[in-house]
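Just so you know, all these numbers are worked out from the coordinates, no wet-lab data involved. The model shown is predicted, which means the values in this text are computed figures rather than measured ones. Positions of Cβ are generated from backbone atoms using ideal geometry, with glycine treated the same way; all protein chains shown enter the neighbour counts.
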Amino acid sequence: MRSSRDAFTLVEVMIAIMIIGLLAAMAAPAVLKAREKAQTRLCMNNLRVIHTAGEQYLFEHPDDDDITLEELKQFFSNEVIPECPQGGTYQTKVDKGFHVTCTVDGHEL
Ligand SMILES: [Zn+2]
């Protein structure tokens, strides 16, 4: 005959599952926030790299006042332009230097 000490009761298992679920629910917002922060950092890094490429291109073509991302392809490995991890679009502008911005709020140099 099995004694009650051999295994967990249903109530004990349910309480353990409930506690694990509660901890996971408490951790989820922090994990999501950290993920968003990392993606923002990655976008800022992309902007910095594109800005550097744009400045270099502008140095070589001082009369070009409408530099597109396509024209900057040569500066990137495999000619792949970095993309915003949150789906933003990069916009370029030449006005007393080269400027690049992301359409997502908070993604700026
Ligand atoms: Zn972005």
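Within segment 1-43, being basic (Lys, Arg) and either more than 16 Å from the ligand (Cβ to nearest atom) or touching a Cys at 6+ places or on another chain (Cβ under 8 Å) (or both) holds for 2, 5, 33. A search for C-beta distances below 6 Å between a residue of segment 80-105 that is at negative phi and any residue that is among the basic types (Lys, Arg) and within 9 Å of the ligand (Cβ to nearest atom), counting only pairs 6+ apart in sequence or on different chains, returns nothing. For segment 44-93, filtered to residues that are of a type in the set (Gly, Ala, Ser) and either assigned to a loop (DSSP other than H, G, I, E, B) or in contact with a Cys (Cβ under 9 Å, 6 or more places away or on another chain) (or both), the residue that is nearest to residue 106 (Cα to Cα) is 88. Within segment 67-89, restricting attention to residues that are within 20 Å of the chain's Cα centre (by Cα) and of a type in the set (S, T, N, Q), the residue that is nearest to the ligand (Cβ to nearest atom) is 86.
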